[in-house]
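One structure is given below, encoded as structure tokens.
The values are calculated or read from the model by the stated rules, or taken from the named source; none is laboratory data. Computed from a prediction, not measured in an experiment: that's the story for all the values here. Every residue, glycine as well, gets a Cβ built from its backbone with ideal geometry; the counts of neighbours run over all protein chains shown. Just so you know, the surface numbers come from the protein's heavy atoms only, side chains and all, with ligands and any DNA or RNA stripped out. Shrake-Rupley method; radii C 1.70, N 1.55, O 1.52, S 1.80 Å.
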Amino acid sequence: MQKLQGIAVSPGVAIGEALVMDNEGFRIPRRFVARDAVVDELERLDKAVEAAAWEIARNRDAVARELGAQYGAIFEAHLQMLQDSRLHDELEEMIRQRHYSPEYAVSRTLRRYAQVFQRIESSYLAERANDIFDIEKRLLRHLLGHRREGIAHLTSPVLILAHNLTPSETANLDPKFARGFVTEVGGPGSHTAIVAEALGIPAVVGTGSFLSEVSGGDLVIIDGDKGLVILQPDEETLALYRHEAEENRTLAARLEPLRDLPAETLDGVHVDILGNIEFPYEVDHCVDRGADGVGLYRTEFLYLGSDTEPTEEIHFDAYSRVLNTMNGKPVTIRTFDMGADKMPNMPAMEDERNPCLGLRSIRLALRNLPLFRTQLRAALRASALGNLQIMFPLITTLLELRQAKMVLADVMEDLDEHGIAFNRDLPIGMMVEVPAAVMMLDRFVKEVDFLSIGTNDLVQYTLAVDRSNKDVVQLYNPADPAVLRLIKTSLDVALGANVPINMCGQMSGAPIYTMLLLGLGLRRFSATPAAIPEIKNLVRKVSIDQSKVVAAHAMNMENAREIKSYLTEEMNKALGKTRT
Ligand code: PEP
Ligand code: MG
């Protein structure tokens, strides 16, 4: 048994077989083969070794010819390792005696060899581990051949262990089979993490490297609440987690009746709790949890995972589905927020040195007007079908907001000319997620119908900390007093100007902040649908007066750790109370 600590990004417990993706996205397969298939499997292994050896010899000869024999020797060493009789005997024993699949035997054995090199304190020898991984991959390629599958087409339940998963790879996972995932890299605010919550699967990121220590088919536990990953758990741990998984199910069932009760504080103040979605199907999750609307639809996921630009009809169909299902409740479509860690598979996006500070989001939209206009046309057309609002992301300057609104007005005019119906009075809003926008909010409120605080980016830009980087996770903290001051200012300015203000960053779905935010005046929360019942439960257990006291106290504190532990304590106290 081995325990790894990572960053908890999507709650819940998952127990199951590992599917290991190495850092080239290569899938390490399942463990066992049928008893009567052993002879065929051994033959398959021999053929793969032969093919790999032929390939290496060809590389050796070509390199020796071009660069000299000393370079060819690198491949000669690979060849010797591959054809080593001890390796051969070990693999054969695993397949013959233990009925392991050749893929599993290869992966397990060579990874064990590589670990020996990695453990030796010598950078030269550590490098040799890479040679062994290279042989492993080559053999796997020959073994798997055309049977190699991507993770988008899984056929049995697995837990995915990968070096990294992009938001689009994550978006393409089928939660029926992908029951959880762990990545070696990644941070708490990454969109991969956000998508995991959307899929409702437990996830842990930023564990550091461990993939060389696992093989496909190993039993794994993912504890998405504590950020723990347990490889090959013992019976006792397994029993403990099975019990916890059962308790989680019970808690979810206990919160279910809340769906039809109002989100109202003990002193009768109503709060709206809306859902954040990335994909149209999640609108069903919103309805299931009794959401008061969709507070954030991250439409960029229409572009991610697609090789071509979505057409106006694709946009329109997605928006129509969401609006129809929400049946008159508000739906906030945020125009595409690509760039940074959300890169589409489309060409023409150049590498940027500092993507979070680069051509992302509204900046990208204003530089690609045809792309932007297509989306706006579809959104406007859909506005005739329900209660739709449009929101612009990452607004930093007044000029940017005005430009975006001008493009929208222009598209409206176009629709008018063609006699196409849309809601002329649809509310237009912006995200507040850059400190500059907070500083200028008294001006912005005069030009928008609503605001939404994006704490994920606000934390990143205020504290100068990459939300996707595990190495600075300690600094990424919504409870930092600097962030809290910006949130307070935003609420004060918006409420003072009578402009509706929502919060749609992850902070809004984290119960430890609920009292603080209520106390600061927030009355509109938008969170991952799965988080709605817990937030509602808490709202119903506190009063505004009590929350104001908590907020005032927290705002006086000087550091995030102190604030977090105070808020946790207050939340637990509130949850201990019963509603009268
Ligand atoms: C945010 O930044 O808080 C937000 C809601 O937007 P995203 O997470 O998509 O950047
Ligand atoms: Mg954002």
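Packing order of peptides 510-516, 472-478, highest average first: 510-516, 472-478 (average count of other Cβ atoms within 10 Å over each peptide's residues). Taken per residue, the accessible surface of region 261-555 reaches 38 Å², heavy atoms only and a 1.4 Å probe. Taken one residue at a time, the phi angles of region 316-322 give Karplus couplings (6.51, -1.76, 1.60, θ = phi - 60°) of 4, 4, 4, 5, 4, 4, 5 Hz. Gly and Pro are set to x.
Counted over all Cα-Cα pairs of region 390-505, pairs farther apart than 24 Å make up 33 percent.
Judged by the ratio a/c of the largest to the smallest principal axis of the C-alpha gyration tensor, region 435-580 counts as oblate, that ratio being 1.5 or greater while a/b is no larger than b/c. Among LYS3/LYS564; LYS176/LYS329; LYS488/LYS536; LYS329/LYS446; LYS226/LYS536; LYS470/LYS548, which pairs are too far apart, with a Cα-Cα distance over 31 Å? Check vs 31 Å cut-off fails for LYS470/LYS548. Shown in residue order for region 94-106 are the 3J(HN,Hα) couplings computed by the Karplus curve 6.51 cos²θ - 1.76 cosθ + 1.60 at θ = phi - 60°: 5, 6, 6, 8, 9, 6, 6, 6, x, 4, 5, 4, 4 Hz (x for Gly and Pro). Here the chain has an Rg and Dmax of 26.7, 85 Å, counting Cα atoms alone.
Around ILE277, under 13 Å between beta carbons, what's the net of Lys plus Arg minus Asp minus Glu among the other residues? Spelling it out: positives minus negatives among the neighbours equals -1. Cα centroids of region 515-541 and region 77-145: 52 Å apart. For region 261-555, the share of DSSP beta bridges that are antiparallel, to the nearest 5, is 5%.
Within a straight-line Cα-Cα reach of under 20 Å, LYS47 can be paired with the following aspartates and glutamates, leaving aside sequence neighbours fewer than 8 residues apart in one chain: ASP36, GLU55, GLU76, ASP84, ASP89, GLU90, GLU92, GLU93, GLU103, ASP134, GLU136. Computed over region 30-147, relative contact order equals 31 percent, with contacts defined as Cα pairs under 8 Å that lie 6+ residues apart. Extension gain for GLU247 to ASN498 (0.36 nm times residue separation, less C-alpha to C-alpha distance): 86.0 nm.
Sorting 518-528, 497-507, 422-432, 82-92 by their mean Cβ neighbour count within 10 Å, with the most densely packed peptide first, gives 518-528, 497-507, 422-432, 82-92. Heavy atoms of the protein chains alone define the surface here; on that basis region 30-147 has 59 Å² accessible area per residue at 1.4 Å probe size. Using a/c under 1.5 as the rounded threshold, could you call region 173-326 rounded, prolate or oblate? The axes a ≥ b ≥ c are square roots of the C-alpha gyration tensor eigenvalues, and prolate needs a/b larger than b/c, oblate otherwise. Oblate, since a/c reaches 1.5 and b/c is not below a/b.
Modelled label positions at TYR124 and LEU357, each set 7 Å beyond Cα in the direction of Cβ, lie 4.1 nm from each other.
In the calculated pair-distance distribution of region 74-201, the portion above 24 angstrom amounts to 45 percent of the Cα-Cα pairs.
Per residue, the average separation of C-alpha pairs within less than 8 Å and at least 6 apart gives region 261-555 a relative contact order of 21 percent. Stokes-Einstein diffusion of region 30-147 at 4 °C, 1.567 mPa s viscosity, Kirkwood radius from Cα pairs, rounded to a whole number: 87 µm²/s. Using the Karplus relation 6.51 cos²θ - 1.76 cosθ + 1.60 with θ = phi - 60°, the per-residue 3J(HN,Hα) values for region 204-209 come to 10, 10, x, 7, x, 6 Hz, with x marking Gly and Pro.
Surface composition of the chain: carbon plus sulfur atoms contribute 50% of the solvent-accessible area (1.4 Å probe, protein chains only, all chains present).
Could you grab the relative contact order for the chain? Cα pairs under 8 Å, six or more apart, rounded to a whole percent.
Normalised by residue count, the contact order of the chain is 14 percent.
Neighbours of GLU43 by Cβ distance under 13 Å: Lys/Arg scored +1, Asp/Glu scored -1, total -2.
So for the chain: antiparallel DSSP bridges make up what percent, rounded to the nearest 5?
35
Would region 165-221 count as rounded, prolate or oblate if I go by the C-alpha gyration tensor, calling it rounded below 1.5 in a/c and otherwise prolate when a/b exceeds b/c, oblate otherwise? The shape class here is oblate. If you add up the charges near ASP416, with Lys and Arg at +1 and Asp and Glu at -1, over every other residue whose beta carbon is less than 15 angstrom from its beta carbon, what do you get? Around ASP416, the charge tally is -1.
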